[in-house]
DNA sequence: CACGTCACCTGCGTGC
DNA sequence: TGCACGCAGGTGACGT
């Protein structure tokens, strides 16, 4: 589920509660959730680690620990939250880190994930997890010139390329559809057909969609507990049959690279505008 | 290299 | 009500 803005929202929520806490023990309730190392080594190594910082790289949550980096990827249905003392593990809790914080009792950092796609890594080599990612779309490295140049370097459909985390890191299905609509580009347009001016529009649209998503605390679909409200401001995503906010034409849903894709057939033409 | 297909999983909405 | 089916904020391994 979560894309960059949802992950950022989670990071901002967790940071004040986690920084300074000590991980007293780990309970692995679905061992495949631990991508690296083995579940047993994970439990051994993480015990006694202190949380020095909480950050984000693309859709990865990054906990800087005393001796390791802990990365969490929520994939489609994962969530990460603090549970207070005395909670009972719930149905889809896959990993629980028991926390010993100054003054308080034993809280838990819980990784809940209905579909079991989410993964965690505990490593002293961050690049082994996030080393192949493209630039952060909200960083200075992501410029209109960079986007234009690198779009032209490939011959790909725009949307699958924007979803490719090695190309650009953080976009998912929602924000890609939203950005392409705002930029008036068709998701199946060839990346090397994008003009300088179109790349500038796309760059601005990507930044705007993500920034707006963060400002609204992300989107909550089947996921109300975060209080995100970006879903109330979708231009095209999940709005098939409803009017385009720009021209009133009915939004159409198609499949692009096996992903549900939402476009305004009038605003977004395959052939350049 | 680009793209299609399937796999990984569970839950929910829809339609019969 | 029951049940089959399709679809879901993601990614990665294949095959062509």
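Values in this text are rule-based calculations from the coordinates and carry no lab data. Quantities reported herein were computed from a predicted structural model and do not represent experimental measurements. With ideal geometry, Cβ positions are generated from the backbone for all residues, glycine too; neighbour counts draw on all protein chains shown.
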Normalised contact order of region A:193-273, rounded percent, pairs of Cα under 8 Å and 6 or more residues apart: 17
For region A:1-131: rounded, prolate or oblate by the Cα gyration tensor [a/c cutoff 1.5]: rounded
Degrees, to the nearest 10: A:196-215 long Cα axis against longest axis of chain A: 40
Region A:93-167, relative contact order in percent, only Cα pairs under 8 angstrom and at least six apart counted: 22
Residues A:111, A:167 arranged by fewest to most Cβ contacts within 10 Å: A:167, A:111
Label-point separation in nm, residue A:196 to residue A:139, each point 7 Å along Cα→Cβ: 2.7
Between 0 and 90°, nearest 10: helix A:173-182 axis offset from chain A longest Cα axis: 30
Length gained when the stretch residue A:27-residue A:150 is fully extended (0.36 nm per residue, less Cα-Cα span): 39.9 nm
Extension gain (nm, one decimal) between residue A:67 and residue A:84, 0.36 nm per residue minus Cα-Cα: 3.5 nm
Relative contact order %, chain A, counting alpha carbon pairs below 8 Å whose residues are six or more apart: 16
Most to least packed among A:235-248, A:83-96 [average Cβ atoms within 10 Å]: A:235-248, A:83-96
Ranked packing of A:202-215, A:44-57, most packed first, by mean Cβ within 10 Å: A:202-215, A:44-57
Degrees, to the nearest 10: A:4-18 long Cα axis against longest axis of chain A: 20
Top of A:176, A:195, A:33 by mean-square fluctuation, Gaussian network on chain A, Cα under 10 Å: A:195
Anisotropy class of region A:25-79 from Cα gyration tensor, a/c 1.5 cut: oblate
